[in-house]
Structures are given as structure tokens and as C-alpha cells.
Amino acid sequence: MVFATGYRAKNFSNLKELYCNSRSEAFGPEVKRRIILGTYVLSSGYYDAYYKKAQQVRTLVRNAFEKVFQKYDILLTPTSPNVAFTMGSKTQNPLEMYLADICTVSVNIAGLPGISIPCGVDKEGMPIGMQLIGKAFAEETLLQTAYSYEQEIQFRNQYRPEFKK
């Protein structure tokens with residue numbers, strides 16, 4: 001049996017050092033920022049103020065999706081309010097990075113399956129993403145829909161976006 005282990009630091013002398021070194025080497029600034037923010041929100045003094053309120057909001061978001069899914073099987077939304085940006089261009093502005101996630105956050109909050117696939121490019125050749133959202137536990141329908149779209153559009157045959165730095 002083979003287990004995936006993820007990133008592991010090469011230099012360590014005990015378990016605590018392995019964890020510290022692995023996390024400091026493998027996690028970038030944005031991941032570290034989000035871990036610290038999550039730890040802060042879950043700390044004892046802020047649990048009721050933030051976490052409990054977030055749980056209530058999650059229920060409202062989930063209920064809103066359930067109401068929509070009484071009528072529709074799949075939702076099509078943008079992946080991001082903007083086209084893809086060049087690699088590394090937003091790393092100095094965390095707020096811009098968070099705003100780029102705005103269209104996918106509600107799906108994560110509601111615990112729904114979603115998939116983002118390219119649907120075109122802008123005039124500079126940067127990919128535009130569309131997100132398909134499925135009902136809870138309807139991953140098969142979601143994947144079949146995404147596959148059918150990809151087969152019809154043939155994005156890879158029409159566009160060859162380059163990784164721009």
C-alpha cells in the first residue's frame with residue numbers, strides 16, 4: 001500500500017522540527033496568512049463573534065442553493081470576476097487575491113461540488129473560467145456536464161494559453 005505524504009522537509013532532528021520546517025518551507029505567504037487568520041477566528045475570545053456567526057451564514061447560503069436546485073440541476077457562473085492574471089502579479093495585494101475567489105467561496109461554504117473549466121480567452125490571450133455548480137452529492141451529473149461542454153467546445157484545440165510571468 002502506498003500513501004501520499006505531501007511535502008516533507010529534508011533537515012530535521014525531531015517530529016516538532018519536521019512539522020515546523022515542512023510547513024515553513026512548503027507553505028507560501030498566502031497559505032500562512034489564511035492559517036493565521038483561521039487560528040485567530042477560532043481562538044476562545046472570538047469563537048462566538050466569528051465562528052458561530054459564520055455557521056449561521058453557512059446555513060443561509062446552503063438553504064438558498066437548495067431552493068435554486070429545486071428548479072435547476074446545474075448552475076453556470078463565472079469562476080472569477082476577472083480573467084486570469086499573470087503568475088505572481090497579485091501576491092503583494094492579499095485583498096485582490098481574496099476578491100478573485102469571490103465567485104467560488106459560496107460553493108465552498110455550502111459544501112457543494114463545483115468545477116471550473118476554461119471557456120474562452122480575452123484579447124490578451126488570458127483564459128476566462130466558468131464554474132459549474134451541482135447539487136449536493138450530484139458529482140456525477142456535474143462531471144458529465146463539464147465533460148460534455150469540453151467535448152463540444154474543444155477548448156484545448158482552439159486555444160493554447162501561455163503561462164505569462
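For this structure, a couple of remarks:
- R0 of 30 Å, Cβ-Cβ distance Tyr46-Glu139: FRET efficiency to nearest 0.05: 0.30
- Stretching Phe27 away from Ala54 to a fully extended chain increases their span by 7.2 nm, per 0.36 nm per residue minus the current alpha-carbon distance.
- Cβ-derived FRET efficiency at R0 25 Å, Gln92 paired with Lys16, nearest 0.05: 0.20
- Distance cut-off 28 Å, percentage of C-alpha pairs in the chain lying past it: 44 percent
- Computed from backbone phi with θ = phi - 60° and the Karplus coefficients 6.51, -1.76 and 1.60, the 3J(HN,Hα) list for region 9-16 is 4, 7, 10, 6, 10, 8, 4, 4 Hz; x is used for glycine and proline.
- Shape call, region 72-158: gyration tensor on alpha carbons, a/c limit 1.5: oblate
- Between amide H atoms placed 1.01 Å from N, distances below 5 Å from Val121 occur with Ile128, all of them 5 or more places distant or on a separate chain.
- Over the residues of the chain, the helix contribution to mean residue ellipticity at 222 nm works out to -14000 deg cm²/dmol, using -39500 (n - 2.57) for each DSSP H run of at least 4.
- Ignoring aspartates and glutamates fewer than eight residues from Lys32 along the same chain, the ones with Cα atoms less than 18 angstrom from its Cα are Glu17, Glu96, Asp101.
Read-outs: derived from the displayed coordinates by stated rules, not from any lab. Keep in mind it's a predicted model, so treat the numbers as computed, not measured. FYI the Cβ positions are ideal-geometry reconstructions off the backbone, even for glycines, and counts take in every protein chain you see.
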